[in-house]
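A.B. asks: Structure in structure tokens, see below.
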Amino acid sequence: MLIECPWCGPRDETEFHYGGQAHVSYPDDPSVLTDEQWARYLFYRDNPQGRFAERWCHGSACRRWFNAVRDTRTHQIVATYRTGESAPVT
Amino acid sequence: MDNEFRLANAGRIDRDRPIPFVFDGTEYLGYAGDTLASALLANGVHQVSRGVHSCRPRGILASGVTEPCALVQVEEPFDEPTLAATTVEVCAGLRARGLSGKGALTSRPDPARYDTMYAHADVLVVGGGPTGLLAALTAARAGARVMLLDDQSELGGDLLAETAPLEGRPPIAWVSGVCAELAGCQDVTVLPRTTAFGYYDDNYVVACERRTDHLGTAAPERTSRQRMWCIRARAVVLATGAHERSVAFSDNDRPGVMLAAAARTYLHRYGVLPGRRVVVFTTNDGAYQAAIDLAGAGVPVTALADARPEVPDDLAKACAAADIEVLAGHVVAGTRGDARISGACLAELRDGRLQGHREVDCDTVLVSGGWNPAVHLFSQAGGGLRYDSQLAAFVPARARQRVFVGGAARGAVTLADCLADGARIGAQASRTVGLSADAAPMPAVLQRTPTPSTALWLVPDPSGDYRRHYVDLARDATVADIVRATDAGLRSVEHVKRYTTVGTGHEQGKTSGVLATGVVATILGVDPAELGTTTFRPPYTPVTFAALAGTDRGALHDPVRVTALHDWHVAAGAMFENVGQWKRPWYYPRPGEDMAAAVWRECVAARRSVAMMDASTLGKIDVQGRDAAEFLDRVYTTMMSTLRVGRIRYGLMCRADGMVFDDGTVIRLADNHFLLTTTTGNAAAVLDWLEEWLQTEWPHLRVYLTSVTEHWSTVALVGPRSRTVLRRLAGDLALDNASFPFMAWRDATLAGTTARVCRISFSGELAFEINVPWRHAQRIWTELCDAGADLGITPYGTETMHVLRAEKGYPIIGQDTDGTVTPQDLGLDWAVSKKKRDFIGKRSFSRPDTARGDRKHLVGLLPVDPDLLLPEGCQLVADAELPAPPVPMLGHVTSSYRSPALGRTFALALVEAGRHRVGRRIHAVVDDRPVPVIVTDPVFYDKEGARRDG
Ligand SMILES: [Zn+2]
């Protein structure tokens, strides 16, 4: 499979590694969170059937993290975009 | 007599190059261009093997990769198990024997080379028959970068066994013309003997090229034997042809039963007669030409049984002219014979019943149950299939990738249709990659409209006995086996496959898969379209592990990393330990010493005098930037921003869940410049971890991370006399405690070499870590050896390092921890800042689970028997008597050594509420027997820390 790195262009999937759900930010001040809220940040992630925004890292080349929207049913990557940008598709 | 079944002047073998070979202990003669199967048939050898379970004699059914039963073990030139005789080319030095299903792996190391090529193509054409050739030619003329792969030794596909003229010439002349034009194109790569076996996403096709197998013992030594081609193509043309299938009738497995097209291939391509007296059984037009050609070669064709009630006029007439009796609406109901066939039973099939049995003598039965388009690669590419009832076969439907299927692979039956397909899809493929293409002109060819075939999968048996109606000859699976599966309630062909093993042999059901679907459909009385096929998975044909590995084997399997001092260690007789990819000296035995004695001596030297270790494998990360200090405060539990330039601090990293991830030291080189060390095995993971946080959470921080592990060699100089040795090299660098205190670093010139010297100790002794540029390591190491020679300076390895640090209770992250251990569990609260508002992991320390009082703590253990060395990993329990399972576990031993300083054995362990058990007796389970141990503080040696200043 080819994955389009937003910095390098399309590259073979073996150059990348996976980083779980995207857009789960580290809380501004963890100390004010309840145990339940902190546990949600640590351990809870979505697991949808269909399009899913997730983090990938182009570890064998530019070493950059970026985001991808992937359809978990077909593995088709619908879009890739740079960290800090919002998903171009939903 | 040699080659008594070989025709005098037919075939494409090279009669000037005879090749002797040995099969089952007998020497035969073949020719260059023969397969083992064609050469055996030429010599009258039909029986090659026996059924894997039934042990029944088995012959040669097919002529290529579909062969289910003619399996051999090649013994020379190199052992290879379970090869089909139809795919082994006769080569110099070939020796083989027949197999009943199972081959044996060799114990000899494989001396051959294997390699891998990565290639890109505009248009990749798989299959070099008429369709593929014309597609490749069209794309090449359009200026495309073309790759053409074919699994045979020469291009042409079925044209190699075709006699009808093409453009008024023998077909092979047309093939030669196309090949010559392709060879003259600059961007065209043609690879014979190359099988595309895997088709993955985004048109990634993997193929195996057999480069020297056909040369046998004459293969050049330096040329790779097989080569993997990993090809990324913008468009793919699949011209993979079709596979003829058999029909399930009684005793259809005897040697002498052969697919009709295979017989035609043996006749025309290899000049070999399959037998002396032939019966033909068909469900379609295809087998007629084989009958007519064999009759033309002088072989009597006793009868041609066509299961269809009406036969095409033109074919009937041609048969009459060749003196072949055609029996419409007839089948072969069974065969007889000892090993080889000696006769067949013909019967009329009317309304699903057999009548009018008639015995005929023959030594060969040619069968054609129809053609299965070779949709394997198309299906692997995500393409869907549909059932074509005219063809009684599954054909490609919608494609998911940019792939074009043509010729017999999409169900085309006539040569004219195949050629037209090739020209059309070659142009289509070229256009999708942005080239303007005209289809290459079609060569003139005889046109004939085929009549539909009939879907006959199974010849009914009057007695209802289907135990010898074979479906899968590779697995010895019969119609009776399938009946047993459907009687058990199985309906899905995937389930039937797993229940009966049909299609799980070396050829993965090329002749049996669709036949099994047809048989199941017949039994259940449903349409095969409802059942579908089993899944087509890579590889299309068997691939050796050696080819998949390519050059990645032996020393290249995984990179070996060595330090700049490796040669010195080898010369000093070091034993090595693998730490990640690094080779690290483990201990340096002197003559007569075992490991325990060597480690004991090394430990004593470090504690009493002076010793040195190559610590270069420690991970080193250079951190620079305006926000470097702020960044380190966030990722370490320890406060780093308050560290002064010139000083060093121990640091602990946790994951967000509060569990210890790595530890090391942080050196402040300048306000905005730090150097971190990591554990040897975790260097890459730590760098990745830091990059991840920088890029994804804190991109506004101006920090730059660089791995400098291999820029700096590190020598640990350890022991009460280390200062004495260093002073001899250090010139005017002040080394006293006041000028150069513990956890400080100094730039220095040691024996003319620029060095950074750190006062860090991982042993509790006075110690210096000397960092020099990698290329100067040999020099500084030798200088230290010389400078300390009179003090008995002793090189030591990782085992001694472990003993020394464990005596001090210093944990090794990854050995004494396992990802479920907090700093507090390790007793490292002192390394966790209370002042910082936040750092990674901090919030988790107050989670109820992490704050529990009965978590496992790192403690020391002293076995009551001071000579007993506890095995690392052994379990800890409370009592001397093991209760009935499940036995409550208290924890496990993480490190265990013999200590020269203590004069006894000791261990570190993770123990439930361990710090509350100090002084108490618990038990370690050694060889299923609980032995008593006393829980202690983890620091065994110099608790006051008096020795670190020398
Ligand atoms: Zn990249």
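A.B. asks: Hey, any hits in segment B:694-704 for a residue that's more than 14 Å from every other protein chain (Cβ to nearest Cβ) and in contact with a strand residue (DSSP E or B) (Cβ under 8 Å, 6 or more places away or on another chain)?
C.D. replies: Taking every residue of segment B:694-704 in turn, at least one turns out to be more than 14 Å from every other protein chain (Cβ to nearest Cβ) and in contact with a strand residue (DSSP E or B) (Cβ under 8 Å, 6 or more places away or on another chain).
A.B. asks: Further question on the same structure: In segment B:83-96, how many are open to solvent by less than 40 Å² (accessible area, probe 1.4 Å) and of a type in the set (S, T, N, Q)?
C.D. replies: Of the residues in that region, 1 qualify.
A.B. asks: List the residue pairs whose Cβ atoms are under 6 Å apart, where the first residue sits in segment B:830-847 and is within 13 Å of chain A (Cβ to nearest Cβ), the second is of a type in the set (Phe, Trp, Tyr), and the two are 6 or more positions apart or on different chains.
C.D. replies: B:Arg843/A:Trp38
A.B. asks: Considering every residue within segment B:229-251, establish whether at least one is touching a strand residue (DSSP E or B) at 6+ places or on another chain (Cβ under 7 Å), open to solvent by 20 Å² or more (accessible area, probe 1.4 Å) and more than 30 Å from B:Ala546 (Cα to Cα).
C.D. replies: Scanning segment B:229-251, I find no residue that is touching a strand residue (DSSP E or B) at 6+ places or on another chain (Cβ under 7 Å), open to solvent by 20 Å² or more (accessible area, probe 1.4 Å) and more than 30 Å from B:Ala546 (Cα to Cα), so the answer is no.
A.B. asks: Checking the condition assigned to a helix (DSSP H, G or I) and either under 47 Å from the mean Cα position of the chain (by Cα) or among the charged types (D, E, K, R) (or both), which residue from B:Arg915, B:Arg948 passes?
C.D. replies: It is B:Arg915.
A.B. asks: Hey, another quick one. For segment B:191-205, state whether one or more residues are over 19 Å from B:Ala381 (Cβ atoms), among the aromatic types (Phe, Trp, Tyr) and buried (at least 21 other Cβ atoms within 10 Å of the Cβ).
C.D. replies: No, every residue in segment B:191-205 fails to be over 19 Å from B:Ala381 (Cβ atoms), among the aromatic types (Phe, Trp, Tyr) and buried (at least 21 other Cβ atoms within 10 Å of the Cβ).
A.B. asks: Please enumerate the residues belonging to segment A:6-17 that are under 18 Å from B:His120 (Cβ atoms) and in contact (Cβ under 8 Å) with a residue 40 or more places away in the chain.
C.D. replies: Of everything in segment A:6-17, those that are under 18 Å from B:His120 (Cβ atoms) and in contact (Cβ under 8 Å) with a residue 40 or more places away in the chain turn out to be A:Cys8, A:Arg11, A:Thr14, A:Glu15.
A.B. asks: Give me a count of the residues in segment A:38-66 that are more than 28 Å from A:Gly9 (Cβ to Cβ) and either facing chain B (nearest Cβ under 10 Å) or in a strand (DSSP E or B) (or both).
C.D. replies: Of the residues in that region, 5 qualify.
A.B. asks: Kindly indicate whether B:Ser153 is surrounded by fewer than 24 Cβ atoms within 10 Å (Cβ to Cβ) and either in a strand (DSSP E or B) or in contact with a His (Cβ under 8 Å, 6 or more places away or on another chain) (or both).
C.D. replies: yes
A.B. asks: On to the next question. Quick check on A:Ala87: is it within 26 Å of B:Ser844 (Cβ to Cβ) and either open to solvent by 90 Å² or more (accessible area, probe 1.4 Å) or more than 16 Å from the ligand (Cβ to nearest atom) (or both)?
C.D. replies: no
A.B. asks: Look at A:Thr74 and say whether it is open to solvent by less than 80 Å² (accessible area, probe 1.4 Å), modelled with pLDDT under 95 and away from the ligand (no atom under 16 Å from the Cβ).
C.D. replies: In short, yes.
A.B. asks: Would you check which residues across segment A:67-82 are within 13 Å of chain B (Cβ to nearest Cβ), assigned to a loop (DSSP other than H, G, I, E, B) and touching a residue at least 24 places away in the same chain (Cβ under 8 Å) and list them?
C.D. replies: Answer for segment A:67-82, where residues must be within 13 Å of chain B (Cβ to nearest Cβ), assigned to a loop (DSSP other than H, G, I, E, B) and touching a residue at least 24 places away in the same chain (Cβ under 8 Å): A:Arg73, A:His75.
A.B. asks: Residue under question is B:Leu870, and the condition is that it be more than 14 Å from every other protein chain (Cβ to nearest Cβ), within 40 Å of the chain's Cα centre (by Cα) and not β-branched (Val, Ile, Thr); does it hold?
C.D. replies: yes
A.B. asks: Among what's in segment B:406-424 and is part of a helix (DSSP H, G or I) and of a type in the set (A, V, I, L, M, F, W, C), pick the residue that is farthest from B:Ala242 (Cα to Cα).
C.D. replies: B:Ala423
A.B. asks: Right, something else. What do you reckon, is B:Arg350 surrounded by fewer than 24 Cβ atoms within 10 Å (Cβ to Cβ) and over 36 Å from the mean Cα position of the chain (by Cα)?
C.D. replies: In short, yes.
A.B. asks: Filter segment B:456-498 for residues that are of a type in the set (D, E, K, R), part of a loop (DSSP other than H, G, I, E, B) and open to solvent by 40 Å² or more (accessible area, probe 1.4 Å) and give the result.
C.D. replies: Passing the criteria: B:Asp465, B:Arg467, B:Arg468, B:Arg475, B:Arg491.
A.B. asks: Select from segment A:5-24 the residues that are more than 9 Å from the ligand (Cβ to nearest atom) and within 15 Å of B:Arg232 (Cα to Cα) and list them in ascending order.
C.D. replies: Correct list: A:Pro10, A:Asp12, A:Glu13, A:Thr14.
A.B. asks: Being surrounded by 13 or more Cβ atoms within 10 Å (Cβ to Cβ), modelled with pLDDT of 95 or more and either of a type outside the set (Ser, Thr, Tyr) or more than 16 Å from the ligand (Cβ to nearest atom) (or both): is that true of A:Val69 here?
C.D. replies: Taking the combined requirement at face value, the residue satisfies it.
A.B. asks: Quick check, is A:Arg63 within 16 Å of the ligand (Cβ to nearest atom) and either under 24 Å from B:Gln695 (Cβ atoms) or among the hydroxyl-bearing types (Ser, Thr, Tyr) (or both)?
C.D. replies: Yes.
A.B. asks: Tell me which residues, restricted to segment B:273-314, are assigned to a strand (DSSP E or B) and in contact with a Ser or Thr (Cβ under 6 Å, 6 or more places away or on another chain).
C.D. replies: B:Val278, B:Val279, B:Thr282, B:Asp306, listed by residue number.
A.B. asks: Continuing with this model, one more query. Would you say B:Ala555 is among the small types (Gly, Ala, Ser), under 30 Å from B:Val88 (Cα atoms) and either assigned to a helix (DSSP H, G or I) or out of contact with any strand residue (DSSP E or B) (no Cβ under 9 Å at 6 or more places or on another chain) (or both)?
C.D. replies: No.
A.B. asks: Let me ask another. What are the residues in segment A:1-22 that are in contact with a Gly (Cβ under 8 Å, 6 or more places away or on another chain) and within 11 Å of chain B (Cβ to nearest Cβ), if any?
C.D. replies: A:His17
A.B. asks: Can you name every residue in segment B:97-107 that is in a loop (DSSP other than H, G, I, E, B), open to solvent by less than 100 Å² (accessible area, probe 1.4 Å) and not aliphatic (A, V, I, L, M)?
C.D. replies: Scanning segment B:97-107 gives B:Ser100, B:Gly101, B:Gly103, B:Thr106.
A.B. asks: Moving on to the next point. With the condition being within 14 Å of chain A (Cβ to nearest Cβ), I'd like the strands (runs of 3 or more DSSP E) fully within segment B:190-250 carrying at least 3 qualifying residues.
C.D. replies: Output list reads B:194-200, B:204-210, B:226-238.
A.B. asks: Of the residues that sit in segment B:799-829 and are of a type in the set (A, V, I, L, M, F, W, C) and within 25 Å of B:Phe631 (Cα to Cα), which one is nearest to the other protein chains (Cβ to nearest Cβ)?
C.D. replies: The extreme case among them is B:Val821.
A.B. asks: Right, here's the next one. Mind listing whichever residues of segment A:25-60 are open to solvent by less than 40 Å² (accessible area, probe 1.4 Å) and within 15 Å of the ligand (Cβ to nearest atom)?
C.D. replies: A:Trp56, A:Cys57, A:His58, A:Gly59
A.B. asks: Out of the residues in segment B:425-441 meeting the condition of being in contact (Cβ under 8 Å) with a residue 60 or more places away in the chain and either part of a loop (DSSP other than H, G, I, E, B) or in contact with a His (Cβ under 8 Å, 6 or more places away or on another chain) (or both), tell me which one is most open to solvent (accessible area, probe 1.4 Å).
C.D. replies: Step by step, filter segment B:425-441, then rank; the result is B:Asp438.
The values are calculated or read from the model by the stated rules, or taken from the named source; none is laboratory data. Everything quoted here is computed from the prediction, not taken from an experiment. Don't worry about glycine lacking a Cβ; one is built from the backbone with ideal geometry, like all the others, and counts go over all protein chains shown. Note: areas computed on protein heavy atoms with side chains; ligands, DNA, RNA excluded. Shrake-Rupley method; radii C 1.70, N 1.55, O 1.52, S 1.80 Å.
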